[in-house]
Amino acid sequence: MTWKDVIDEVTAVDAAGAAGDGFTQPITGVEYDSRRVRPGAVFVAMKGGSTDGNRYIDKALAHGALGVITDSAPTFDHLLVYQAGVPLLQVEHGRRALAQASAAFFGHPERKLAATGITGTNGKTTTAFLVEALLNAAARKTILIGTIEYHVAGDVRPSLHTTPESRDLFELMAEGAALGATELVTEVSSHGLDQGRAAGIRFDVAVFTNFTRDHLDYHQTMEKYFSAKRLLFDGTVYPAPRVAVINAHDERAHQLSEAARNAGAEIRTYGIGMGDWRAANHSLTPGGAVIELETPAGSARITSRLAGEVNILNLLAALAAAHARGVAFDDLVRFAPSLRPVPGRFQPVDGGQPFTVIVDYAHTDDALRNLILLARQMTAASDGRVITLFGCGGDRDRTKRPKMGQAAGEGSDFVIATSDNPRSEDPLAILAEVEPALKATGVRYAVEPDRSAAIRLALQAAQPHDIVLIAGKGHEKEQILATGSIPFDDSEIALSTLTELRYRGVR
């Protein structure tokens, strides 16, 4: 593939540069990070949220860039490009150009894959894992892109971003397609949608889990946040999906359904007691739930290992999405009982203790309320208490801090407020914004900024039949401080603390 082959597929504003060897010489890659440029690569210089790739064109040229695509030619002096004798392509949208160039370079893997995209404030990860598991059970080979990890035709890799840049996404798709993958299942974050990271992918199925307060540090208003989510469905920036699977309980469901329908999508709603795919009746059990499932494709009684009503909704979304991808209803009913909980999502920690310890990623007030409600339902028969440990991330939306304190205090019997990932902020300053709302609920609480010490405090406070909720970090393996990242795994810390407290072997 040559420079000319690539730019033939990129929407350009202007092109410059002498028609020399650079037009016909094979290119070795497409990169947006100058540090990854190798001789013969095309460098896409694009504006970002915190930096501008155009500032690093000189470094890309020094590393041997064969050509440059830029979204800021009128702003930056690109004399260096002309002096280097490499071609320059000016574009209006840098990330769109990155997707177009990457798709071309990697041989258009998106044309070999049927894509299912999942967006929403909460539940994306669990729903994505469930959809992938159902497709795998139906003998489909998959690629999974999400918050916890990436799966490439069975190969598990660490996750760098919920929604990677398009260049990295196309590379993963190309690797998976070469290994026989036919399905792409990906979480699609609001940041990713807003920034165009999913450009170039035509989603066959799009799932909307819910919409609650989060990410206002980036989007600034709830309306802008929702507008970013809506892009996956309304056909204005990305092609509209063939099928839109939408949570019927969400107050934005009707608005989103109308936008998707107007864009040509088929609508399938889901919910508890409502929607096309619905749990007509259900009962929660210690090991999950029993659901009376009613759908346009059939009805059945299914048993799930996933605990709580929130996971009934995640399961319904996954069933509807997998059915839209052609998995037969009878097969879905057969596969559902084998589906397992997702790491860091209502994950039990068993150290032999006579109470329950749960690690969960809940990091919004809505997710925390749902988590505590589930714990309350589980302790109803035993009169056990709910002990909740949580924190709020630094350098993120500050307006949700008091809401998190209120949610924790209103539902729990005892609360420990602690650090999450404080990043550049002072942990005590974050807790000072949480504490007034927590205190106003009247709940008994403690403030302990050291997360390890806070986990110990929660476990020491627990009595038989209680549930201890360790919320906020879930699957994460590190804690991000102002001084850098340190290894930190809530489940490992909890288990080692339980061992120190001599619970090992009690049961």
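Annotations for the structure displayed:
- Residues of segment 208-222 include at least one that is within 20 Å of TYR238 (Cβ to Cβ), surrounded by fewer than 20 Cβ atoms within 10 Å (Cβ to Cβ) and over 14 Å from the mean Cα position of the chain (by Cα).
- Failed condition for HIS249, given (1) part of a loop (DSSP other than H, G, I, E, B); (2) open to solvent by less than 50 Å² (accessible area, probe 1.4 Å); (3) in contact (Cβ under 8 Å) with a residue 40 or more places away in the chain: (2)
- Search result, residues across segment 421-456 that are surrounded by fewer than 19 Cβ atoms within 10 Å (Cβ to Cβ) and assigned to a helix (DSSP H, G or I): LEU428, ALA429, ALA432, GLU433, GLU435, PRO436, LYS439, ALA440, SER452, ALA453
- Count - residues of segment 351-365 that are more than 17 Å from VAL386 (Cα to Cα) and surrounded by fewer than 20 Cβ atoms within 10 Å (Cβ to Cβ): 1
- Taken over segment 334-350, residues that are farther than 19 Å from LYS477 by Cβ and surrounded by fewer than 17 Cβ atoms within 10 Å (Cβ to Cβ) amount to 5.
- From the options THR379, THR418, residue that is in contact with a strand residue (DSSP E or B) (Cβ under 8 Å, 6 or more places away or on another chain), open to solvent by less than 20 Å² (accessible area, probe 1.4 Å) and under 15 Å from ALA362 (Cα atoms): THR418
- Top-ranked residue of segment 69-94 - restricted to ones that are β-branched (Val, Ile, Thr) and buried (at least 17 other Cβ atoms within 10 Å of the Cβ), ranked as modelled with the lowest pLDDT: VAL81
- Lone unmet requirement of (1) part of a helix (DSSP H, G or I); (2) in contact with a Lys or Arg (Cβ under 7 Å, 6 or more places away or on another chain) for PHE211: (1)
- Flag: GLU132 does not match the condition of being more than 12 Å from THR182 (Cβ to Cβ), open to solvent by 30 Å² or more (accessible area, probe 1.4 Å) and not aromatic (Phe, Trp, Tyr).
- Note on segment 137-168: residues that are farther than 19 Å from THR126 by Cβ, without any contact (Cβ under 8 Å) to a residue 60 or more places away in the chain and crowded, with 24+ Cβ neighbours inside 10 Å total 0.
- Among the candidates ALA101, ALA97, ALA65, residue that is modelled with pLDDT of 90 or more, in a loop (DSSP other than H, G, I, E, B) and crowded, with 18+ Cβ neighbours inside 10 Å: ALA65
- Residue list for segment 466-479, filter: open to solvent by 30 Å² or more (accessible area, probe 1.4 Å) and either modelled with pLDDT of 95 or more or among the basic types (Lys, Arg) (or both): LYS477
- Where a residue in segment 455-480 is free of Cβ contacts under 8 Å to residues at least 12 places away in the same chain and its partner, wherever it lies, is aromatic (Phe, Trp, Tyr), with Cβ under 6 Å and at least six apart: GLU478/PHE488
- Hits in segment 33-47 - residues which are at negative phi, part of a loop (DSSP other than H, G, I, E, B) and in contact (Cβ under 8 Å) with a residue 24 or more places away in the chain: VAL37, ARG38, PRO39, MET46
The values are calculated or read from the model by the stated rules, or taken from the named source; none is laboratory data. Here the structure is a predicted model, which means the values were calculated and not measured. Backbone-built Cβ (ideal geometry, glycine too); neighbour counts: all protein chains shown. The protein model used for the area step is the full one, side chains on, heavy atoms only, and it has no ligands, DNA or RNA in it. Shrake-Rupley method; radii C 1.70, N 1.55, O 1.52, S 1.80 Å.
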